[in-house]
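Values quoted throughout were computed directly from the atomic coordinates according to the rules given, and no laboratory measurement underlies them. These numbers were taken from a predicted model, which means no experiment stands behind them. Positions of Cβ are generated from backbone atoms using ideal geometry, with glycine treated the same way; all protein chains shown enter the neighbour counts.
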Amino acid sequence: MKVLFALSGSIAAFKACELISHWKKQGHDIQVIATKGALQFIGKATLEGLTGHEVLTDNFHDGHMMKHISLARWCDFFILCPASANTIARLAQGRSEDLLGSLYLALEKDRKFFLCPAMNSEMYSHPAVENNLQILQSRGAHILPTGQGLLACGEVGYGRLLEPLEIDSYIRRELERRTTHPKRVLITAGGTTEPIDGVRSITNTSSGKTALRIAEYLARYGHDVQFLKNVNVDDPKGQIQVSTFKTFDDLQSGLESALSQNHFDFVIHAAAVSDYSVKQVQTSNGDALSTQEKIPSGEALHVVLQPNPKLIDRIKFQSANKNVKLIGFKLTNTQDSTKQSAAVQRLLQQSGADWVVHNDLNQIGLKGAESHPFRLFNQSQQVLLAGSTKSELCEALFDLLEETFSSEASYDLMS
């Protein structure tokens, strides 16, 4: 393959040399782009010796004025390894004062761009860095996770560049990943909002970002995805059919309509559904107030809540495809593993879900925006897989679809 390999300024640049050497031995043609900062850590002679090509750094290098166009079209994929916080910020801002920035902007949409962060833990978890990574990811970049361990600064934590063979394995999986069994998938996302009056409401903290990532990932690799989302959740990138909801009633009718009118093979129910809706608002004397307008403030009120039915319990019943596979999500807020397992068990038994993804609020986001510890349970309440990031969750669900439907296809052929 033809690889466009960019390095930015980081002590981890020596690992990039190992990866370049590994790929060169496999027969890949590699062109290195280096920032000025990268050359403070690794010399041109080393990189040219490894690749057999001149190292390019400048937009205005003699004889290479159009390199940002020709190389962007030449490569099979583009990798930035290591990616420093500064370079990540420049790419997120669309700045092109050097060859690396120009190449990123000129890269054609069908070329994959892989980014391998490397920095101190505090830098990696800083909101500015997290936001920049999210921007790049929303534009199609594949952000590799970081490792955990001893950092160059002497501290221990996340932010460590993955080992060369780990990067190689990740990229090979991504390049080869394409479903051989395209299926129709319905994904719900975000929280419901229950009105108290004309301006006030009860809601939850669900952003829908994880479900959004899952939808984009499955669609990118060949599945036909329909996305039923809260109105405040971002629209997904790619060829994805979108419908929206705001309240519990909206989601209930949207689900019923989608399930009855379409033949879904898989439903991923990740929406955070309100357990209660407002039945009545009363004064302290018990008098009912109109909820159509804004209720005057200044007096004590009683908000009477009524339980909502569990939508996940009705998904298989409402589905036009009676063999639909269902994944539920269970969020807990306890560090007691016994209580966590009991909550998962109840959901599996009551809903008839085939699998449940469990998260706990005490762990989500502790190590950056990508941090999303999860466990995937089957109907026997066994943990099939545990992971720590949103990327790993997307991969796990993709693999689950592949394994489920490929095994069914094999059975059909043999029967």
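Numbers at a glance
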item: Degrees, to the nearest 10: 127-138 long Cα axis against longest axis of the chain; result: 90 degrees
item: Beta bridge orientation in the chain: antiparallel %, DSSP, nearest 5; result: 35 percent
item: Computed E for residue 138/residue 288 - FRET, C-beta separation, R0 51 angstrom, nearest 0.05; result: 0.65
item: Relative contact order (%) - criterion: Cα under 8 Å, at least six apart; region: the chain; result: 10 percent
item: 20 Å Cα-Cα reach of residue 44 towards aspartates and glutamates, excluding residues that sit fewer than 8 places from it in its own chain; result: 18, 29, 54, 58, 62, 98
item: Compactness relative to 2.2 N^0.38 Å, alpha carbon Rg of the chain; result: 1.14
item: Selection of trypsin sites (Lys or Arg not before Pro), the range 99-174, meeting DSSP coil and at most 10 other Cβ within 10 Å; result: 109
item: MRE, 222 nm, helices only [DSSP H, n ≥ 4, -39500 (n - 2.57), over the chain, to nearest 500]; result: -10500 deg cm²/dmol
item: Too-long pairs where the Cα-Cα distance tops 24 Å, listed order kept, from 15/109; 209/322; 112/390; 279/330; 183/209; result: 15/109; 209/322; 279/330
item: Nearest 10 degrees, 0 to 90: helix 390-414 Cα axis against the chain principal axis; result: 80 degrees
item: P(r) weight above 24 Å for the range 2-176, C-alpha pairs, percent; result: 30 percent
